[in-house]
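Colleague: Quick one: this structure, given as structure tokens, is what I'll be asking you about.
The values are calculated or read from the model by the stated rules, or taken from the named source; none is laboratory data. Every value quoted in this text rests on a predicted model; they were computed, and no experiment measured them. In this analysis, Cβ positions are derived from the backbone assuming ideal geometry, glycine residues included, and neighbour counts consider all displayed protein chains. We work out accessible area using only protein heavy atoms, side chains counted, and drop any ligands, DNA or RNA first. Shrake-Rupley method; radii C 1.70, N 1.55, O 1.52, S 1.80 Å.
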Amino acid sequence: MRILFNHNISGAADLIDLMRRARPDLHVIATHERRDTPIALAADKLLPEPAETRLMSPDAYADWLLQVALTERADVVLPYRRREELAGFRDWFTARGIRLLTASDSNTMGFLEEKPTFLSRMETAGVPITPFRRFEGAEEYGRLRGEGELFPDHPGPLCVKPASGIYGAGFRIIRDELPAMTPLSGLSALELPDVAFRALLGALHRPEPMMLMPFLEGPERSVDFSCHDGHLLGTVTRIKAGTSQRLIHDTYGEELAQFVAQTFRLTGILNLQTIEDTAGTQRLMEVNTRASGGIGMTGLTDVNLPALLLDSITGVRPELPARVAREVRAGRRELFWGV
């Protein structure tokens, strides 16, 4: 099998390594803007993805990627960059005998990435979610804060994050008051005094949709899962514990992944995240239509999520979702290489 990745996050290198464990003859081509991506260590061939492709119209970019796939004789294309747009051109690839693997159609993927609308849908379906209030700009934020206790069931600090985005970019814990004489060095990089956050909002020329939420300090779980046409193939749950993570089988995580995959008929190596409240209830935070940056950790378990997906698209599917048989504790280390 020959598979093509377009410009991707560095974690794609781990994804490729996991695929190769099951299919040593796998041939991987990757396109990327930079030569110094870790993906270069895993791919058989790294091709340049010119910066000007960012400015291409959706149909022009789809055609550019299709031509790369045809030239490289790819059987499967697994896109990351512009994947929502590319989902609208899957028939172009199919007509040329190439499978373009996106989580779903463009509209569904956009819906899943827009956290407020997705969480509201899940709450209607009876799934516990992290409570939130949506706002844009300093004025709306000020109105919300003026309403008093916004989340009476979850007292304590508040936090904010963008309505869409990755890697927790833009997440901040809001501190209404700081202890007297607190130095700047005494604040976490994730903390902002309320007055500073209001000033930042006021300075933005174009406010973005954001979410105001209670800051829940319970265990945070990241559920990596593999699915194909709405069928759950396997899960690995990672529980963050300081600088390391515990990798386990989590029954609720599997049930939630099963529900999300079936509801939206999803395909791919995807990820969802939950956090526990003080009552011990896991509350859904988000679903990502891509593999997580921590996907490499799952390779320390006996569940190979990327291999399950490759097997499924070639007609081999397990009767039950694959589950971690033994708990594993994992940490992260730095990697150095020459370019």
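Colleague: Sort out which residues of region 190-217 are in contact with a Lys or Arg (Cβ under 9 Å, 6 or more places away or on another chain) and in contact (Cβ under 8 Å) with a residue 24 or more places away in the chain, and write them in order of number.
Modeller: Asp194, Phe197, Arg198, Pro209, Met210, Met211, Leu212, Met213, Leu216
Colleague: Then there is this: Would you be able to say whether some residue in region 120-130 is of a type in the set (A, V, I, L, M, F, W, C), open to solvent by 10 Å² or more (accessible area, probe 1.4 Å) and over 29 Å from Pro214 (Cβ atoms)?
Modeller: no
Colleague: Which one of the conditions (1) open to solvent by 80 Å² or more (accessible area, probe 1.4 Å); (2) in a strand (DSSP E or B); (3) among the β-branched types (Val, Ile, Thr) does Val160 fail to meet, given that it meets all the rest?
Modeller: Answer for Val160: the failing condition is (1).
Here's the yes/no breakdown for (1) closer than 25 Å to Glu114 by Cβ; (2) within 15 Å of the chain's Cα centre (by Cα); (3) of a type in the set (Val, Ile, Thr); (4) at pLDDT below 95:
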{"position": "Gly230", "(1), (2), (3), (4)": "yes, no, no, no"}
{"position": "Gly234", "(1), (2), (3), (4)": "no, no, no, no"}
{"position": "Asp250", "(1), (2), (3), (4)": "no, no, no, no"}
{"position": "Gly253", "(1), (2), (3), (4)": "yes, no, no, no"}
{"position": "Thr267", "(1), (2), (3), (4)": "yes, yes, yes, no"}
{"position": "Gly294", "(1), (2), (3), (4)": "yes, yes, no, yes"}
{"position": "Asp311", "(1), (2), (3), (4)": "no, no, no, no"}
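Colleague: Go through the residues of region 97-109 one by one and say whether even a single one is buried (at least 21 other Cβ atoms within 10 Å of the Cβ), farther than 17 Å from Leu270 by Cα and not β-branched (Val, Ile, Thr).
Modeller: no
Colleague: Here is a further query. Across region 68-88, which residue is farthest from Lys45 (Cα to Cα) among those that are open to solvent by 40 Å² or more (accessible area, probe 1.4 Å) and either of a type in the set (Phe, Trp, Tyr) or over 25 Å from the mean Cα position of the chain (by Cα) (or both)?
Modeller: Going through the qualifying residues, I end up with Leu70.
Colleague: Can you tell me which residue in region 199-228 is most open to solvent (accessible area, probe 1.4 Å), limited to those that are touching a helix residue (DSSP H, G or I) at 6+ places or on another chain (Cβ under 8 Å) and under 30 Å from Val316 (Cα atoms)?
Modeller: Arg221
Colleague: Within region 18-66, how many residues turn out to be surrounded by 14 or more Cβ atoms within 10 Å (Cβ to Cβ), without any contact (Cβ under 8 Å) to a residue 40 or more places away in the chain and among the small types (Gly, Ala, Ser)?
Modeller: 4
Each row is one residue, and each column tells you yes or no for (1) in a strand (DSSP E or B); (2) of a type in the set (Ser, Thr, Tyr); (3) touching an Asp or Glu at 6+ places or on another chain (Cβ under 8 Å).
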{"residue": "Ile174", "(1), (2), (3)": "yes, no, yes"}
{"residue": "Val195", "(1), (2), (3)": "no, no, no"}
{"residue": "Met211", "(1), (2), (3)": "yes, no, no"}
{"residue": "Val223", "(1), (2), (3)": "yes, no, yes"}
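Colleague: Answer yes or no as to whether Thr108 is closer than 19 Å to Ala291 by Cα, in a loop (DSSP other than H, G, I, E, B) and in contact (Cβ under 8 Å) with a residue 40 or more places away in the chain.
Modeller: So Thr108 does not fit the description; no.
Colleague: From the list Leu284, Leu233, Leu309, pick out the single residue that is of a type outside the set (S, T, N, Q), assigned to a strand (DSSP E or B), open to solvent by less than 10 Å² (accessible area, probe 1.4 Å) and closer than 25 Å to Ala42 by Cα.
Modeller: The unique qualifying residue is Leu233.
Colleague: Taking Thr274 and the conditions (1) open to solvent by 10 Å² or more (accessible area, probe 1.4 Å); (2) over 27 Å from Phe5 (Cα atoms), which numbered condition does it fall short on, given that it satisfies the others?
Modeller: Only one criterion is unmet by Thr274, namely (1).
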